[in-house]
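What follows draws every value from the coordinates through simple rules; no lab data is involved. Remember, it's a predicted structure, so these values are computed and weren't measured experimentally. Backbone-built Cβ (ideal geometry, glycine too); neighbour counts: all protein chains shown.
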Amino acid sequence: MEKAVSEIIIPDLRLHKKGKVRDVYEVDDKLLIVATDRISAFDFVLPSLIPDKGKILTQLSKFWFDFTSYICPNHMLAAEVENYPQPLHQYKDVLEKRSMLVKRAQVIPVECVVRGYVAGSGWKEYKASGKISGVKLPAGLAESDRLPNPIFTPATKAEEGHDLNISFKEMKKIVGNELAQKIKKISLKLYQKASLYALSKGIIIADTKFEFGLDKDEVILVDEIFTPDSSRFWPLASYAAGKSQASLDKQFVRDYLESTSWDKKSAPPGLPESIIEQTRKRYLEIFFLLSERKEL
């Protein structure tokens, strides 16, 4: 296991954006996305790192981008350093497996969430109103119940704090009716394709989120896809509705933080070594199960 990476600086490149987990650099008319081992929860970047996390997110996204490219094109141009422009080859040691050269796109300002099960913020909303993001659901659903059909529940990025669930009607006001309908259709298709595949590997994808961009007029997938940072993964073997589920995703870290006295307003606490190790183990397990690879 290599030392965890908190930051990767490429002195020859201009920093385009520093995200919670990824640093994005400009490479001519393209972008270089570098995934660190930082982890965020409840809108804070935690002081602890998860070794290999950036590599797992990048390699799993690469797997899924290839797997779903016939449903929706994506921003990935290359994920092997030897296929990057020559000046970047000198940084192979730090970029290997944790970076991706991508197209620049005009990012659509809506998080596209698809839910196949009632969990997380969706469960809280359903308990309060019988709806999720304006979608009316059958009465009497229990926590973690499978929905009759997957639903599309968009969210918008708040300037500060949590993403805010919005109705599809509100999404149409933001991006226009035609684009909203197109993105909804693509999102549901992506979820259907990936969730059926995951089930064959013993994994339930309870919900997931996508980000889309426009490459000229073409809708493309950007950011990450079906990773443990963007999805809820539940082992099929232990699934039982009526309670929260064991998870192979970031929920494990959220659950730990919920068990502490942290108020979610002040600086977050560090994670104990055992939680770091178990988180890494879960991320690796989901990567190996879904990608069918034997090593990272």
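What to note about this one:
- Value of [θ]222 nm, deg cm²/dmol, for the chain, DSSP H segments ≥ 4, -39500 (n - 2.57) each, nearest 500: -9500 deg cm²/dmol
- Whole-Å semi-axes of region 211-296's equivalent ellipsoid (Cα gyration tensor): 27, 20, 15
- Within the same chain, lysines fewer than 8 places from LYS97 are excluded, and of the rest, those with a Cα less than 22 Å from its Cα are LYS3, LYS17, LYS18, LYS20, LYS30, LYS53, LYS55, LYS62, LYS250, LYS281, LYS294.
- For the chain, relative contact order (Cα pairs under 8 Å, six or more residues apart, normalised by length) works out to 19 percent.
- Spin-label pair LYS265/SER167, simplified geometry with 7 Å Cα→Cβ offset, distance in nm: 3.2
- One way to sum up the overall shape of region 2-65 is the equivalent ellipsoid from its Cα gyration tensor, whose semi-axes run 20, 15, 12 Å, largest first.
- Relative contact order, whole percent, for region 167-296 stands at 17, derived from Cα pairs under 8 Å and 6 or more residues apart.
- Between region 156-225 and region 58-129, the Cα center-to-center distance that results, in Å: 12
- Zone residues, region 7-35, relative to PHE44, backbone N less than 15 Å from point 7 Å out along Cα-to-Cβ: none
- Modelled spin labels at GLU96 and ILE174, positioned 7 Å past Cα toward Cβ, are 4.0 nm from each other.
- GNM remark for the chain: springs join alpha carbons under 10 Å apart, and the peak mean-square fluctuation among VAL118, VAL27, VAL135 falls on VAL135.
- Dimensions of region 81-218 based on its C-alpha atoms, expressed as ranges along the principal axes with the largest first, amount to 59, 39, 29 Å.
- Per the Debye formula on identical point scatterers at the alpha carbon atoms of the chain, with no solvent, log10 I(q)/I(0) at q = 0.09, 0.11, 0.15, 0.16 Å⁻¹ is -0.43, -0.66, -1.31, -1.50.
- Average silhouette area of region 140-225, convex hull of alpha-carbon atoms, in square nanometres: 7.5
- Net lengthening on full extension, GLU26/LYS294 (0.36 nm per residue, minus Cα-Cα): 93.2 nm
- Spin-label pair ASP66/HIS16, simplified geometry with 7 Å Cα→Cβ offset, distance in nm: 2.3
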